[in-house]
Each structure stands twice: as structure tokens, then as C-alpha cells.
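The structure appears right after this line, and notes come after that.
The values are calculated or read from the model by the stated rules, or taken from the named source; none is laboratory data. Worth saying up front: this structure is predicted, and the values here are computed from it rather than measured. A quick note on method: Cβ atoms are made from the backbone with ideal geometry, for glycine too, and the neighbour counts reach across all protein chains shown. Heads up: the accessible areas ignore ligands, DNA and RNA and are worked out on the full protein's heavy atoms, side chains in. Shrake-Rupley method; radii C 1.70, N 1.55, O 1.52, S 1.80 Å.
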Amino acid sequence: MTAQRLSKPARSRQLVGRLAKQTNHEVPATSTAPGTSLLAILLLLFVGSGCAALIYEIVWFQLLELSVGSSAISIAVLLATFMGGMSIGSLGLARFVPLDRHPLRVYASIELGIGACGLLVLWLLPYAGGLYLAIGGHGFGGLLLRGLLSALCLLPPTILMGATLPAVSRWVETTARGVAWLGFLYGGNTLGSVAGCLLAGFYLLRVHDMFVATYAAVAINVVVGGGALWLAWTGDHAPARAKKAAAHKPSEAIWPVLLAIGLSGFTALGSEVVWTRLLSLMLGATVYTYSLILAAILLGLAVGSYIGSSLLRTSVGPRTLLGWCQVLLTVGIAWSAYQLTAVLPFQPNEAALSSSLAVAFRHDVLRSVWAVTPAALLWGASFPLALAAAAPSGRDPGRSVGFVYAANTLGAILGALVTSLLAMAWLGSQRVQQALIFVAAFSAVVVLLPAVAGAKRRAGVSAGAAGVVAVPLVLAVALAATVHPVPGALVGYGPGSADSTDARFIYIGEGMNSSVAVSLDKGVLYYHNAGKVQASSEPQDLRLERMLGHLTTLQPERPASVLVIGCGAGVTAGAVSIDPRVEKLTVVEIEPLVPEAAQKYFARFNEGVVNKPKTSVVIDDGRHYLLTSRRKYDAITCDPFDPWTKGAATLSTTEFFQSVKSHLNPGGVVTVWVPLYQTRLETVQSEIATFMSVFPNGVAWGNIANGMGYDIVLSGRADDTPIDVDAVEARVMRPEYAPVRESLSSVGFGSADDLFATFSGYGPELRQWLAGAQINRDRNLRLQYLAGVGLGNTDSDAIYQDMVAHRSWPEGLFKGSQRRLDALRRKIGL
């Protein structure tokens, strides 16, 4: 048992010596390496670190989106700031932290610092967000302020996050072969990210709120930091002295690797943008779907990094392996593109036939993993291979790791920004994926060509060098031809695309924020967004859209200025615009393609509202626009996506409705659409209870289709003045209101009284029915988690009947002559 009598430093030097002989690389005599058991503990710490990081990322993005909005521009700013901070941290560690500092103590300090920053962001962001909303606006100046707020909140903690791997890399000398364990740590960190993603999306935020989720992440940071300090106390470390660089210039040796790993990051985030769009259409754009997609990609990265680290034990050089990873990546991207556009959308959705959420989620996970795993494995394997290829023996490992990490992160930032802000809207998903295949082929050439050229004759182009260029490019051309355009059925019907392949689509557009389609069937026009029909010229849809518009303008005394949040097919805005008293109409829409499609295809149903002189169309997130606007309105109507759609819940919080109320002039009215289909009773109660918490005397108006409840409109008044039914009816009968009368009669309302006869519930009467309903607040966004489990439900009429069972004559809601009030009461059926 001689080994047991050796001191810890002696055992460490013996281990490093064996490693040096195996890898044929020189190791500085002053360096020590940790034992296997210590590395296993460090691996567990990195798993915890990754878990906490993803919890923070989800919480911070959710918090900041409440202030800066959830448009593609806002998300791009947040993502660029988040990843930019990690890039700065990876480069800055070697520059500002001396080599003589114990790496594990540095790592522990970083983890504790991340936890402290997590608390500060949670506590201070509401104040910073409030300041931004007070001075923020739109246009270029508003964009700069969004970036500034994001930087103030995200840069400190993300800089620390980016420094973790470079810090730990100093614990063992980094060589081309001996760097394999760093890949394992990177993989463990990514595997922890998978756990954090699922933990936050399926438990912490679903059951609790952003505060509890943050405290959980902070607790993990404290445990990880404490574990690192214990390892530093347990294990020995002798600081390694960085050697001088070899005779060649480092840039000449390293730049191909850095460029290749940067391009790898570009293709990774660019593909993630496209795949998230396509998968969210296929699976349903719920908050759970986004968590599953992210988890599937991260899982592939984690497993791939372990594979890449294992490959370092072979005799093949890391640069050659890295180059062939990029060659295979062209195949991986093409595989995902083919699966997502030509195979999976047309397979029967077995999950839709099951009432079990577990079955549905399992089915979604399998499809996500099947589609994205090949490419994700190769991206994950590329990172440890790049570390080994760019880490000359004897140099500061923190510096080498920092360069690789920064290059990969910078590439990822560019990939996300270019794809989300420019390429998706300009080129569409098909061309974007084809371009990403060629970028992957180019990255293979970049890293393989110098290695081949250096081994061949310098005069002329060798056959080997020509092959290195030709093989990836020819393969890329062949694979690009297999990429299909996005199917219209997928854009139009999402999870139901397999059953809708015979739909006739007359328009398909892919924009910055969403994919839009218009279809025509038997003379009926359908407007599709978020993978479902959002509006149509069918009677029940036109009835709802015109109810929403006319209830908005007929209730106020003078609706001169009206705000419409959500353009859609434009029918609601059109109904608003034909009221003669409306002088200024502002329509806020998050996707630029939508107003164009509404004007081109639905003009005869929406009164050509987009091109009317009184109409101003603003492209922005509706919440962001309202919260940063100082204008007040006589009426506001909100027609967002279904509440299960990720991001829509921000337009249904108590804080948002309070902002709406504060933007109403005296006597002003707000109306909100609430669907009863593809949802559950608990979800509808949450929506109504949240609205009634701000407008306690709010009213529910029912839209009946085929004798059954279909959806409802909620309305609230700034000062709860009664609705004068005599005055409204007299107004509607004036000659200038002929377009309004025609609009009402075309959907079954012969008079204003018929419109008010859709009364289905009054705030004071519904309090008992709403008792115990979960209130949707900014800090929990509970609605999106409730709604996300209700897809496929067909209980719309049961929900409606459950609500109207509490209906009685609403004292104080209407005023007018007794004759007209009695007639209205009979029409209501009370």
C-alpha cells in the first residue's frame, strides 16, 4: 500500500506524470492535478451550477420581459446581453485574476457572487423597471434604454457565470489531450441546465413564483460555493507558471479553431431560433413546450460534450476531430430540418387522443429529442475538442479556455441576433436552415484546411487540401436541397397539422415574432397565427370580433381616442373605426406581417381599417407600448393570443389591468377577449377573477355559437357609471350610425339592446363562483401555467353554463326607461 503512504501533493504529481506520458505533452513541474474522486465532486458542483444558472435565466428573462416587452427585438436584446456578459467573463478572468489564486477558492467566490447578484436583480429590478417605464419609449431611443436596463441587470451575474469554467480550468494544466476532463465539467454544467430548465418550468414557476424560484437558485449557489471551498481545503494546489508561447504566433495557431467554434456557436443559436419556432407550432406554443424544447437541446449538448471528451483519448488529433464534427453538423442540421418540415408535422398526434398530461408531455419530449439530438450532440462534442485544439501545453489554461468560450459565445450571439431579427423575416425558415448548413461546412473547411495544407507541399493546391474544401461544400449543396419550406398546415393548424393537409393556403409568412397564414375554404377566410385559427369570416368569429369592437365604443359617452391591442384579422379594429365619434384609433401589433395580411385579405370584413386616416399602426409588444405611453384613451380593447400561448399571460395580470385603468379617461371602458374553448374551468376563472380584482363591477358578455357558449368578452368601466340603454339605442339609430347598424345586424344583432342582451355575468354576482381562483400577477404569471395544460379540452359550453348559473339581473349596471329595461331583461332571459 505504498500509494497510501504518499502525501497528497506527491500523489497528485504522480497522477499528472502518468497523464503527461499518456498524452506525450509536457506538464510544468509546479502543476498539480486533482484525483478522480475530487473531480467527481467538482462535476457534481458544476451540475448544480448549471441548474442554478438556467433557473436564473428563465426568471430574469420573464422579469425583464414584463418591462421591455416580449417582442423579437426585446428578446434579442436580452439574449445578447446575457450571452455577452458570459463572453466578457470568460475573457476577463485570466486578465484580472492572478494565477497564484487557488482556482477553487476563485470558483467558490464566483458562485457566491452569482447568488448575491440573483438576489439583487430580484429585489432591485422592479425599481429599475419602473424607472425605465417612466422614461422609456419607442424607436431607437427606446431600444437603447432597453439595452441599458438589460445590461444593468444581467451583465454583473452573467460575467461571473462566464468566468466559472476558465477559473476551474486552472486546477489542472490544460494540454491538447489532458483537457478531456474540462469537457466532462462542461457537460455536467449543461446537464444541470437541463435539470434547471425543467425544474423552473414544471415546478418552481408553475407551483410557486419568481421569488421562490430565485431563492432556490441562490440556495444552490451557496451549496456549490461551500462545496468548492471544502474541495479547496481538502485538495492541494501548486500554482502553475505559464510558459512562454512557442515560436509560432498564437494567433496563427489558434485562430482557425476559434473561428470554427465561433461559427459552431452561430449555427447552434441560429438553428435554435428556427427549431423553437417550428416545434412550438407543432407542439403548441405553451410555456411547457418552450421548456421541453430547451431541455432537449441542452440534453444533446451535455451528452455530446461527454462524447467529445471521450474522443480525446483516441490517437486522432483534436483539430481533425473538430473539423469532422463540423462536417457531420451539416448532416445534423439537414436531419432536423427534414424531420420538422417533412415528417413529424404529418404524423398522427397520438397525444391529442389521450387525456393524460404525462402521455402528452412524453410524446412531445420524444419528438423534440428525435428532431434536435443529432446536431445538438455535435455542437456539444465540438466544445471540448476546441478546448483541446486551442490549449497549447504550459499556457495559462484559464486564458485558453476563456478564448474558446468567448469565441463560441460571440458566435452564438450573432447567430441569435441575425436569425431572429433579420434572416427569419427576410429569408424564411427554409433558406435560413440552408444557409446554416453552408456555415457549418465553411467552419469545417476553416479548421481542416490549415492542418492538411501544413502537411502537404507548399507549392500549389494539394489534392488533400482540395478534398477538404470540396467534400464539405458538395455535401452541403446536396443536403441543402433536402430542406423543405415550412408546411402551410403546420403554420395554420400546429398540433393538428396532420389532419389538415388538404387546407388551401393563399398566404404563408414567417416574421420576426411569429408565422402567419391565411387559408380559404368554401368561401370562408381563416387567419392563422401561433399554429391555430385566430380569426375568420365564420359567423361565430365575426360575431365575437364585432362584439368586442362595438362594446368598446358604444358604452363610453365620447370614445374619441381608442387603443386596440392585437390586430389579428382587423375585424375588431374595423368595428371600432366605424363609430363616427372615434377620431383617433391606435392599433398595436407585435408582428409586422399581421397588419399587411389583414389589409390584403380581410379588408371587406375589417372596413379597410389599416389604411384609414384615423388609424395608426404601431409595431410593438402591447404591454410595453401601454406601460411606456403617457397617453390616455377613452376606450381600450385587448385581443391577445390564447392564454396558453407563451407571453400572452403578461396581458392578463393585475398589474397590467391596473395600468389599463390608469390610461383610461373618466368614463372610459376596457374590453378583453376570453376564450372558453381549448381551456379548463380553472383557467377561465383565473382570467375573470384577475380582471375583476381591478374592475370589481366588470361584466361578462357571452358569444353563443350553435346554442352553446363559445367565448366571452369582459368589460370594465373606469368609474362604474351605468350603461344608459336609451341613449345608446338612440345614438345607434342616427343616420351616421348606419355602418354600425349594418355591422351589428350582419352578425345577428338587430339593435343595441340585442348586443346588451348577451349579458352573462356581473362582478358582484360572480364573486362566489370565483372564490379560490388563482390571481394572475406579474410575479407568478400563473395563467400561462394553468392554460398550458388545457389544450384539447372541449368543455366550452359546460364552463359557460357553470358561469351563467350565477347570473341574475345586475342592479346598477343598466339605466333607462322602465319599458326598455323590462324589454332588455326579457331578452336576457331573467
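Numbers below:
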item	result
Members of region 377-396 found to be more than 10 Å from residue 305 (Cβ to Cβ) and modelled with pLDDT of 95 or more, listed by number	378
Single unsatisfied condition, residue 160 versus (1) under 30 Å from residue 588 (Cβ atoms); (2) more than 21 Å from the chain's Cα centre (by Cα)	(1)
The lone exception for residue 698 - which of (1) surrounded by fewer than 16 Cβ atoms within 10 Å (Cβ to Cβ); (2) touching a strand residue (DSSP E or B) at 6+ places or on another chain (Cβ under 7 Å) it fails	(1)
Residue in region 500-514 that is closer than 18 Å to residue 569 by Cα, in a strand (DSSP E or B) and among the polar types (S, T, N, Q) present	no
Meets criteria (in a helix (DSSP H, G or I), under 25 Å from the mean Cα position of the chain (by Cα) and surrounded by fewer than 24 Cβ atoms within 10 Å (Cβ to Cβ)) for residue 263	no
Residues within region 679-713 that are within 16 Å of residue 642 (Cα to Cα) and free of Cβ contacts under 8 Å to residues at least 24 places away in the same chain, tallied	0
Filter result for residue 49 (within 25 Å of residue 421 (Cβ to Cβ) and assigned to a helix (DSSP H, G or I))	no
Residue match in region 759-767 (condition: more than 16 Å from residue 827 (Cβ to Cβ), charged (D, E, K, R) and open to solvent by 10 Å² or more (accessible area, probe 1.4 Å))	yes
Test: residue in region 457-470 that is open to solvent by 50 Å² or more (accessible area, probe 1.4 Å), modelled with pLDDT of 80 or more and not aromatic (Phe, Trp, Tyr)	no
Positions within region 573-622 being under 19 Å from residue 538 (Cα atoms), open to solvent by 10 Å² or more (accessible area, probe 1.4 Å) and either among the aromatic types (Phe, Trp, Tyr) or touching a residue at least 60 places away in the same chain (Cβ under 8 Å) (or both), in sequence order	600, 601, 605, 607
Total residues in region 719-757, condition open to solvent by 10 Å² or more (accessible area, probe 1.4 Å), polar (S, T, N, Q) and within 43 Å of the chain's Cα centre (by Cα)	3
Residue in region 806-826 that is more than 25 Å from residue 727 (Cα to Cα), at pLDDT 95 or above and open to solvent by 40 Å² or more (accessible area, probe 1.4 Å) present	no
So residue 541, is it without any contact (Cβ under 8 Å) to a residue 40 or more places away in the chain and crowded, with 24+ Cβ neighbours inside 10 Å	yes
Yes/no for residue 152 being open to solvent by 30 Å² or more (accessible area, probe 1.4 Å) and modelled with pLDDT of 85 or more	yes
Residues that are open to solvent by 20 Å² or more (accessible area, probe 1.4 Å) and either within 13 Å of residue 185 (Cβ to Cβ) or touching a Cys at 6+ places or on another chain (Cβ under 8 Å) (or both), drawn from region 302-321	306
Residue within region 772-779 that is touching a residue at least 12 places away in the same chain (Cβ under 8 Å), open to solvent by less than 60 Å² (accessible area, probe 1.4 Å) and over 30 Å from residue 287 (Cα atoms) present	no
Residues of region 130-155 satisfying the condition of being assigned to a helix (DSSP H, G or I) and not aliphatic (A, V, I, L, M)	130, 132, 139, 140, 141, 142, 146, 147, 150, 153
Region 511-538: number of residues that are in contact (Cβ under 8 Å) with a residue 60 or more places away in the chain, of a type outside the set (A, V, I, L, M, F, W, C), open to solvent by 30 Å² or more (accessible area, probe 1.4 Å) and out of contact with any Phe, Trp or Tyr (no Cβ under 9 Å at 6 or more places or on another chain)	1
2 or more residues under 25 Å from residue 656 (Cβ atoms): qualifying helices (runs of 4 or more DSSP H) within region 541-608	571-577, 593-601
Subset of region 82-134 [open to solvent by 30 Å² or more (accessible area, probe 1.4 Å) and among the acidic types (Asp, Glu)]	100
Flag if residue 279 is over 24 Å from residue 407 (Cβ atoms) and either in contact with a Ser or Thr (Cβ under 9 Å, 6 or more places away or on another chain) or in contact (Cβ under 8 Å) with a residue 40 or more places away in the chain (or both)	yes
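Residues are listed down the side, and each one gets a yes or a no for (1) under 19 Å from the mean Cα position of the chain (by Cα); (2) surrounded by 24 or more Cβ atoms within 10 Å (Cβ to Cβ); (3) β-branched (Val, Ile, Thr):
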{"position": "629", "(1), (2), (3)": "no, no, no"}
{"position": "634", "(1), (2), (3)": "no, yes, no"}
{"position": "638", "(1), (2), (3)": "no, yes, no"}
{"position": "642", "(1), (2), (3)": "yes, no, no"}
{"position": "650", "(1), (2), (3)": "yes, yes, yes"}
{"position": "655", "(1), (2), (3)": "no, no, no"}
{"position": "663", "(1), (2), (3)": "no, no, no"}
{"position": "667", "(1), (2), (3)": "no, no, no"}
